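Structure first, then comments.
Computed from the coordinates by the stated procedures, all read-outs in this text should not be read as laboratory data. Please read all numbers here as calculations on a predicted model, not as lab measurements. Quick reminder, even Gly has a Cβ in these numbers, built from the backbone with ideal geometry, and neighbours come from all protein chains shown.
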């Protein structure tokens, strides 16, 4: 979809007329007679086709002078799946913008991370999305501002600061322009209707300072079993836990730290965020969505995988599997090395030792979390002799953290998947399994395929597929570009705990 679905007028009209929620986030409908833009699934009577025009982003609609619909609230729809399935410049830029880079470092910072000039970035984003990086970041700030206005009792001045606005005046002007309401009017409307009753993104605030309760939307179907099962079965004690039906973990964020509790629901993921600095709200939401792969297009993925007779029964039995990812790419790379050639339990034990010795302590009154996972910088200073592992793996780990700490190796969302794979393979002790697991869960490549993984090979044998890595890779060509999702279905053939949602039983601290 490199050219953008918004250019396919007839298809867009059909989606709007059928109110098809699967296309929310793929494109936006602007109504020329009312100057309002909507998501495809807007509940109002669809406008006449001649009055519709289509845009690839909310920012492009706003740039063209349209304001957000007050009924369907298009800025709260799931994000476009394109940015998670592509590795070109535009997709990498969009992942960085979602991560708040423009707010923190400006457009020059965005360009520097991507290795292009600001002019090249502007030109490509305008060509594909109808808006430049500043406009895209502005649209994101507007959504963050509304989220805080409607779900917290914070004063407007604090909200403006937390959402990334440079001044109260800019905050007021942007909110009025985007939502056709003043900030105070937005809050009054939210209180009047009871936020959370119909909205897909927000729910009532907790009333506790620094704590927000949100609803993270996704495209159905979503199978939570392997998603939460994997995260909990591999959870590092002190950093992650399953408590009262929620996956909880600590977060290292640009301005501070946080704790998130994520609860699977039938039409959304419940998200309870505790932040030391509210300026981290946008990036925290972005990382939680990425962790749970919430912007995926499960219909497209499953339709492709169903074309293989070996996978079709697995997909039909439990459709909508997501790829469990990470909130911290460097953390996951370290954990992947700790998991080389050992059991899940042993990997957790190794990680827990590192956390206890080198992680930063955190307070968690609501649960049993104790630390942030150690940063690469702190691990780069450790004594290799303190690591209870073979010398070769010590070298692998120390080389990895050294290169992560000094910036030689960058696993961030802006990375080029092919180039990063090559740099990882050049590290001592890094083979195809480690590289592909990192590509799948840290880099976010939807086509990553760890063909040497034992679980994948066992499943292949069960399904009468080739079980040698080379033959299985050749056989898996038909699953492209969704081989990382095929892996989730292959893993699901086993009885390993990663495949099962933990029992909904409370834990004691």
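Here are some notes:
- For the chain, the square roots of the Cα gyration tensor eigenvalues, ordered a ≥ b ≥ c, give a/c of at least 1.5 with a/b greater than b/c, which places it in the prolate category.
- A Förster distance of 35 Å, applied to the separation of the beta-carbon atoms of residue 170 and residue 44, puts the FRET efficiency at 0.70.
- The range 412-484 and the range 143-189: distance between their alpha carbon centers, rounded to Å: 44 Å
- The range 329-498 - Rg and Dmax from Cα coordinates, angstrom: 17.1, 51
- 20 °C / 1.002 mPa s Stokes-Einstein diffusion coefficient of the range 83-193, Kirkwood radius on C-alpha pairs, µm²/s: 144 µm²/s
- Rg and Dmax of the range 1-82, Cα atoms only, in Å: 11.0, 30
- Euclidean distance of C-alpha centroids, the range 358-387 and the range 242-297, integer Å: 20 Å
- Spatial offset of the range 1-48 relative to the range 72-124 amounts to 23 Å, using the alpha carbon center of each.
- For the range 380-466, Kirkwood radius (reciprocal of mean inverse C-alpha pair distance, Å): 14.5 Å
- Once the Cα atoms are used to define both axes, helix 344-358 deviates from the longest principal axis of the chain by about 70 degrees.
- Per-residue extension of 0.36 nm, minus the Cα-Cα distance of residue 500 and residue 51, leaves a gain of 156.8 nm for this segment.
- Relative to the dominant Cα principal axis of the chain, helix 281-291 is inclined by about 50°.
- Per-residue [θ]222 nm for the chain (sum of -39500 (n - 2.57) over DSSP H runs n ≥ 4, rounded to 500): -13000 deg cm²/dmol
- Computed over the alpha-carbon pairs of the range 301-388, the distance histogram in 5 Å steps reads 2, 11, 16, 17, 12, 10, 10, 7, 8, 5, 0 percent, short to long.
- Expressed per residue, the C-alpha convex hull volume of the range 1-160 stands at 116 Å³.
- C-alpha long axis of helix 224-233 to longest principal axis of the chain, angle in °: 50 degrees
- Expressed as a whole percent, the proportion of Cα-Cα pairs in the range 247-323 lying more than 21 Å apart is 42%.
- Here the extension length gained between residue 474 and residue 395 equals 25.1 nm, from 0.36 nm per residue of separation less the Cα-Cα distance.
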